[in-house]
Amino acid sequence: MKFRPLHDRVVIRRAERDLKSRRGIIIPDTAKEKPQQGEVIAVGPGSRDERGKLTPLDVKAGDHILFGKWSGTEVRIDGEDLLVMKEADIMGVVEKDGADAKKAA
């Protein structure tokens, strides 16, 4: 199924957290805190201003973002847990610097 958000809404896939603590203790799913970072999967066309002009969103698919703890609505699409939220709930885009990009490669 393809899902296209409307207006200024964004679909987010939460970033995965480690299953172990720093000292090697395995953390069960019920005790894990959900991450506040994620990847943008899909974006809507934008919102309209007072004159009816379409204002495009600042984020795009593939951006890694930081969002508020209680932001968005959890949905399940094709068996995957995703978040749908307004662009205003996004705090910012996380940029990877050169050192992080080399480690990931």
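The values are calculated or read from the model by the stated rules, or taken from the named source; none is laboratory data. A quick note: this is a predicted structure, and the numbers were derived from the prediction, not measured. Methodologically, a virtual Cβ is constructed for each residue, glycine included, from the backbone with ideal geometry; neighbour enumeration extends over all protein chains shown.
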- Index of the failed condition, R17 passing every other in (1) surrounded by 10 or more Cβ atoms within 10 Å (Cβ to Cβ); (2) within 16 Å of L82 (Cα to Cα); (3) of a type outside the set (F, W, Y); (4) modelled with pLDDT of 80 or more: (4)
- Task: Spot the failing condition for I25; the list is (1) out of contact with any helix residue (DSSP H, G or I) (no Cβ under 7 Å at 6 or more places or on another chain); (2) modelled with pLDDT of 90 or more, and only one is missed.
- Result: (2)
- Item | Among residues of the range 56-90, those that are in contact (Cβ under 8 Å) with a residue 60 or more places away in the chain and of a type in the set (G, A, S), counted | 2
- Note on the structure: Listed by first then second residue, the pairs whose first member lies in the range 37-55 and is closer than 15 Å to I65 by Cβ and aromatic (F, W, Y), whose partner is at pLDDT 90 or above and not in a loop (DSSP other than H, G, I, E, B), with beta carbons under 9 Å and at least 6 positions apart or on separate chains, are none
